[in-house]
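A.B. asks: There's a structure below that I have some questions on.
The values are calculated or read from the model by the stated rules, or taken from the named source; none is laboratory data. Because the structure is a prediction, the values reported are computed rather than measured. Glycine also receives a Cβ, built like all others from the backbone with ideal geometry; neighbour counts cover every protein chain displayed. With ligands, DNA and RNA removed, areas are computed over all heavy atoms of the protein, side chains included. Shrake-Rupley method; radii C 1.70, N 1.55, O 1.52, S 1.80 Å.
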Amino acid sequence: MQIHRLPSHLANKIAAGEVIERPASVVKELIENSIDAGSTSITIELKEAGLKQIKVTDNGAGMSEDDCELAFSRHATSKIKRDRDLFHIKTLGFRGEALASIAAVSKLTIKTSRGNEAGTCLTLEGGKIIGRTKSDARRGTEMTVNELFYNTPARLKYMKTLNTELGHITDLLNRMSFAYPNIRFQAYHNGRSLFKTSGSGDMLQVIAQVYGMSVAKKMLHVHKETLDFHISGYISKPELTRSSKSYISTLVNGRYVRSTPLTQAIMRAYHTLLPVHRAPIIVLAITMDPILVDVNVHPTKLEVRFSKEKELVKVIEDMIQSRFQQTTLIPKIDQTKVKKNEQAHQQTMSFNQFIGDHESKKERIYEKEPAFINNTKTDIKQKPKLVTNEHSNQLRNDERDKRIPDIYPIGQLHGTYILAQNEKGLYMIDQHAAQERIKYEYYKQKLGEPKKDIQTLLMPMTFEFSKREALFIEQFKDELKEVGLYFESFGHQTYIIRSHPTWFPKGSAEEIIREIIEQIIRDEAINIEYLRDEVAMLLACKRSIKANEYLNEHEMMHLIHELRRTKDPFTCPHGRPILIHFSSYDLEKMFKRIM
Ligand code: ADP
Ligand code: MG
């Protein structure tokens, strides 16, 4: 056996396997080059989902004849020169690999000109230049990639259906156009228009072009600037959801990236606002100093590494949450072409004024559990007992009040929905969902209070655990003690608990303790935040009034009033809507009083 150097065409062919996985990869590399060349208009023409032909035409800087030849050799790039450039990458490309790789696995023609001289036309086959002529002097570049993978049959075999490949391409075009709203993209497949953006620079307009007007209408603008990050984009109102997270586009310095921490931050911000297994539609453009992001982690640069990841994640989560805190999120009944009145938070008179002028509009907090928690009718009938509290956890009631307009109960439907009205129309409230939200937030706050009061049990509880569970209990014994749970070993995987934190509600202690152990095994750490949430949800759901329960006017008013005090009054903790609005306009339309 003898070692020899691979001929460059073979080395390129091997390297191509990494970067050029499918037609969409070619489209991506070519578009990125066009963007790096400063183009404002990019046209993509495809045949057979790009397997037969991909043609990308731009109006960018173009190349000189010499550069054009050089561009096809591996590690040839105009974008970085020195070591340190690698930490300040402002272009989409920098590895100098794409053209060499694409050329190695296709038959390719390039026409390019800088606009001030005759252009260059090169033809390549399997990476070898087989033809040189002049072309016209139109400024820009036209790349035609024919018969992709013609010389790598194994790769060709892996291609999915044309529709799947085309799906990958449109997905890519979507994200590219989000990242570059000021570039005009036009794409055609087999001669028919596939995709088009206007290049107006307005991201919302691109969203409308990509996902449709009805989606664009339900998007909220977000914007945040910190010393390190500049973030702006659009997030969907919680009422608008999708079944997969693939509608979340995070763009970092003009590059679409897939980042689990960023996606998780977004999902956390929507926590309890979305039904389970649903995800929002999001387009976020994040810019930061290139030194803070390493794009050289993955050959296709789809994954990146942030050096201030924790900070970034926090900024995003807070930005989205505070956006919701400023917005009225009452879904309207689904009537197409109904004119929207998004400015519901202009309604100023607060419900406090309605239930009694004698109560000043200071920040208030409940001294005791809200009346509904005990779920006894007598409690409900009393007027809510409120006390002012100096350090009231920044409830910002005044601000929040405005998100729920003043509404007046007029009755109850099926013992389940409260009907309420104001001059803007009819509102329906799911009383169970409303109460779950109120209690969820109540318990969550309770659970978060630093007091670690311990309640000693008259009858100690005995738990039998599996071997595995017992091992975890031993490992986390000290941490468990910290949260007020002392597991006294009784041999044979049996433990005795003689006390627990006072906030454990009666009758649910065993359930909560089991939940805690399960969580520890799952996360291999005690995640207090998560537990608080789980337990709060559990309790809220258990102890809420169910459907088919009659409420009198006072009780209805009281429920609305309590709802108004919550942080997220629009969905129950499982993401179901609490309020629905039929505007007067909707009603008149439905009864054809107006046409
Ligand atoms: P990279 O983008 O990483 O530099 P490529 O192989 O994609 O590597 O491209 C090599 C070089 O060819 C680029 O650095 C650029 O100078 C030039 N180039 C490629 N495409 C274009 C284009 N559409 N317009 C102008 N120059 C281009
Ligand atoms: Mg490139």
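A.B. asks: Restricted to the range 63-89, and to residues that are of a type in the set (Gly, Ala, Ser) and within 12 Å of ligand 2 (Cβ to nearest atom), which residue is most open to solvent (accessible area, probe 1.4 Å)?
C.D. replies: Going through the qualifying residues, I end up with Ser78.
A.B. asks: Mind listing whichever residues of the range 285-339 are open to solvent by 70 Å² or more (accessible area, probe 1.4 Å), basic (Lys, Arg) and at pLDDT 90 or above?
C.D. replies: Of everything in the range 285-339, those that are open to solvent by 70 Å² or more (accessible area, probe 1.4 Å), basic (Lys, Arg) and at pLDDT 90 or above turn out to be Arg305, Lys310, Lys314.
A.B. asks: Return the residue satisfying two criteria in turn: it lies in the range 1-31 and is among the polar types (S, T, N, Q) and assigned to a helix (DSSP H, G or I), and of such residues it is farthest from the chain's Cα centre (by Cα).
C.D. replies: Filtering the range 1-31 for residues that are among the polar types (S, T, N, Q) and assigned to a helix (DSSP H, G or I), the one farthest from the chain's Cα centre (by Cα) comes out as Ser8.
A.B. asks: Can you spot a residue in the range 2-11 that is within 12 Å of ligand 1 (Cβ to nearest atom), of a type in the set (S, T, N, Q) and either open to solvent by 40 Å² or more (accessible area, probe 1.4 Å) or outside the structural domain of Arg139 (by TED's automatic domain parsing) (or both)?
C.D. replies: The answer is no; no qualifying residue exists.
A.B. asks: From Ile110, Ile42, grab the single residue that is in the same structural domain as Cys121 (by TED's automatic domain parsing), touching a Cys at 6+ places or on another chain (Cβ under 9 Å) and near ligand 1 (Cβ under 10 Å from one of its atoms).
C.D. replies: The unique qualifying residue is Ile110.
A.B. asks: I would also like to ask the following. Does Ile496 satisfy the criteria of being part of a strand (DSSP E or B) and surrounded by fewer than 19 Cβ atoms within 10 Å (Cβ to Cβ)?
C.D. replies: Yes; evaluated as a whole, the condition is true for this residue.
A.B. asks: Further question on the same structure: Out of the range 35-62, which residues are more than 23 Å from Asn163 (Cα to Cα) and surrounded by fewer than 18 Cβ atoms within 10 Å (Cβ to Cβ)?
C.D. replies: Once the filter is applied, which keeps residues that are more than 23 Å from Asn163 (Cα to Cα) and surrounded by fewer than 18 Cβ atoms within 10 Å (Cβ to Cβ), the range 35-62 yields Gly38, Thr40, Ser41.
A.B. asks: Since Glu469 meets every condition but one in (1) among the charged types (D, E, K, R); (2) assigned by TED's automatic domain parsing to the domain that holds Ala536; (3) under 18 Å from Thr272 (Cα atoms), which condition does it not meet?
C.D. replies: That leaves (3) as the condition not met.
A.B. asks: For Ile231, work out the one condition from (1) in contact (Cβ under 8 Å) with a residue 24 or more places away in the chain; (2) in the same structural domain as Lys47 (by TED's automatic domain parsing) it doesn't fulfil.
C.D. replies: Of (1) in contact (Cβ under 8 Å) with a residue 24 or more places away in the chain; (2) in the same structural domain as Lys47 (by TED's automatic domain parsing), only one is false for Ile231: (2).
A.B. asks: Report the residue count in the range 405-435 for those that are part of a loop (DSSP other than H, G, I, E, B), open to solvent by less than 20 Å² (accessible area, probe 1.4 Å) and on the phi > 0 side of the Ramachandran plot.
C.D. replies: Of the residues in the range 405-435, 1 are part of a loop (DSSP other than H, G, I, E, B), open to solvent by less than 20 Å² (accessible area, probe 1.4 Å) and on the phi > 0 side of the Ramachandran plot.
Here is a yes/no grid of residues against (1) away from ligand 2 (no atom under 13 Å from the Cβ); (2) not hydrophobic (A, V, I, L, M, F, W, C):
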site	(1), (2)
Ser8	yes, yes
Val26	no, no
Thr40	yes, yes
Lys47	yes, yes
Leu51	yes, no
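A.B. asks: What is the residue count in the range 221-241 for residues that are surrounded by 17 or more Cβ atoms within 10 Å (Cβ to Cβ) and not aromatic (Phe, Trp, Tyr)?
C.D. replies: So the answer is 11.
A.B. asks: Which condition breaks for Ser34 when tested against (1) in contact with a helix residue (DSSP H, G or I) (Cβ under 8 Å, 6 or more places away or on another chain); (2) within 14 Å of ligand 2 (Cβ to nearest atom); (3) in a helix (DSSP H, G or I)?
C.D. replies: In the conditions (1) in contact with a helix residue (DSSP H, G or I) (Cβ under 8 Å, 6 or more places away or on another chain); (2) within 14 Å of ligand 2 (Cβ to nearest atom); (3) in a helix (DSSP H, G or I), Ser34 misses (1) alone.
A.B. asks: Could you tell me whether the range 489-511 includes any residue that is within 24 Å of His574 (Cβ to Cβ), under 33 Å from the mean Cα position of the chain (by Cα) and not assigned by TED's automatic domain parsing to the domain that holds Asp430?
C.D. replies: yes
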